[in-house]
């Protein structure tokens, strides 16, 4: 028998609708403009840890590769460069091979950018939103160094690669080899630290190798770190925020470096988004931005065990 029914009960869909309305009220009260940007585009992020879904668009005998967007970030930064001011978006995003209890290939993303906000101010605003939706207590903040020193007794910024590899192999059943420092740190965070985190917490000041599209700055120990944060809730990553990189030359260099890593791993090389680079060259305002997994927030709100319980049709019913 074909299972045609929704994966989520009606009461969950009703709660979902109320929550989305609350999010829009939250930003309307703060005069943050809601925007919409394309889901399908000719470029995509070259991040080695993110795989995009491609689509072929045909025009007569000609065809062109497009990609379902993993985030609206590039388009939203072009809006910022055009003078939009602070903006937010509720949109669908897509990632290849993202299926499981807390993953769906298609998911709902809340992304916003605050002009002239520091990373700390953005964390505070995100905390207000999460408390409004979930009613949780104030959220603890840890630096990346603090959390690794507390749980694994190492300085993640300074530890030699050989020692880090040994620690990872002691703590985790690793099948592969020849991993990078970032690989080992991410595996340790996910497997050895995240299960021990408080119900909700921020982790900030990541290693500079994990900067992605964030700026770099020295921390209180004169170590260069990435000015970014992640929000964790009940063992799940809920949000990822940056003090946004605005230097076009540095951004191009990072894209080229990411493509180099993709080539080493046998992954597809992605063309650099020249429109984004041009927007950065024209100048974007100093800002901080964050992407929030709405479906995961809803899982916590509804005490759902699987992401399919909070979306109309899970991936196996599409």
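Tabulated data for the structure shown
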quantity: Selection from region 199-215 of residues that are surrounded by 15 or more Cβ atoms within 10 Å (Cβ to Cβ) and within 25 Å of residue 252 (Cβ to Cβ); calculated: 205, 206, 207, 208, 210, 211, 212, 213, 214, 215
quantity: For residue 14: the one exception among (1) out of contact with any helix residue (DSSP H, G or I) (no Cβ under 7 Å at 6 or more places or on another chain); (2) without any contact (Cβ under 8 Å) to a residue 40 or more places away in the chain; (3) not in a helix (DSSP H, G or I); calculated: (3)
quantity: Residue 76 over 17 Å from residue 273 (Cβ atoms), within 18 Å of the chain's Cα centre (by Cα) and either modelled with pLDDT of 95 or more or assigned to a strand (DSSP E or B) (or both); calculated: no
quantity: Verdict on residue 57 being in contact with a helix residue (DSSP H, G or I) (Cβ under 6 Å, 6 or more places away or on another chain) and in a strand (DSSP E or B); calculated: no
quantity: Flag if residue 304 is out of contact with any strand residue (DSSP E or B) (no Cβ under 6 Å at 6 or more places or on another chain) and either closer than 30 Å to residue 23 by Cβ or touching a residue at least 24 places away in the same chain (Cβ under 8 Å) (or both); calculated: yes
quantity: Region 269-299, residues that are surrounded by fewer than 15 Cβ atoms within 10 Å (Cβ to Cβ), closer than 21 Å to residue 95 by Cα and touching a helix residue (DSSP H, G or I) at 6+ places or on another chain (Cβ under 7 Å); calculated: 269
quantity: Failed criterion for residue 275 (all others in (1) within 27 Å of residue 142 (Cβ to Cβ); (2) assigned to a helix (DSSP H, G or I) hold); calculated: (1)
quantity: Search result, residues across region 31-54 that are more than 30 Å from residue 264 (Cα to Cα), in contact (Cβ under 8 Å) with a residue 40 or more places away in the chain and surrounded by fewer than 17 Cβ atoms within 10 Å (Cβ to Cβ); calculated: 31, 33, 34, 36
quantity: Residues (out of contact with any helix residue (DSSP H, G or I) (no Cβ under 7 Å at 6 or more places or on another chain) and modelled with pLDDT of 95 or more) located in region 149-172; calculated: 149, 150, 153, 158, 159, 160, 163
quantity: Test: residue 276 is more than 17 Å from the chain's Cα centre (by Cα) and modelled with pLDDT under 95; calculated: no
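Residue-wise test of (1) at pLDDT 95 or above; (2) more than 16 Å from the chain's Cα centre (by Cα); (3) under 21 Å from residue 96 (Cα atoms).
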site	(1), (2), (3)
204	yes, no, no
227	yes, no, no
235	no, no, no
240	yes, no, yes
244	yes, no, no
261	no, yes, yes
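Residue by residue, here is whether (1) surrounded by 15 or more Cβ atoms within 10 Å (Cβ to Cβ); (2) within 19 Å of residue 185 (Cβ to Cβ); (3) free of Cβ contacts under 8 Å to residues at least 24 places away in the same chain; (4) out of contact with any helix residue (DSSP H, G or I) (no Cβ under 9 Å at 6 or more places or on another chain) holds:
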{"site": "197", "(1), (2), (3), (4)": "yes, yes, no, no"}
{"site": "219", "(1), (2), (3), (4)": "yes, yes, no, no"}
{"site": "222", "(1), (2), (3), (4)": "no, no, yes, yes"}
{"site": "232", "(1), (2), (3), (4)": "yes, yes, no, no"}
{"site": "235", "(1), (2), (3), (4)": "no, yes, no, no"}
{"site": "238", "(1), (2), (3), (4)": "yes, no, no, no"}
{"site": "245", "(1), (2), (3), (4)": "yes, no, no, no"}
{"site": "256", "(1), (2), (3), (4)": "no, no, yes, yes"}
{"site": "265", "(1), (2), (3), (4)": "no, yes, no, yes"}
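The values are calculated or read from the model by the stated rules, or taken from the named source; none is laboratory data. None of the values given here were measured: they were computed from a predicted structure. Glycine also receives a Cβ, built like all others from the backbone with ideal geometry; neighbour counts cover every protein chain displayed.
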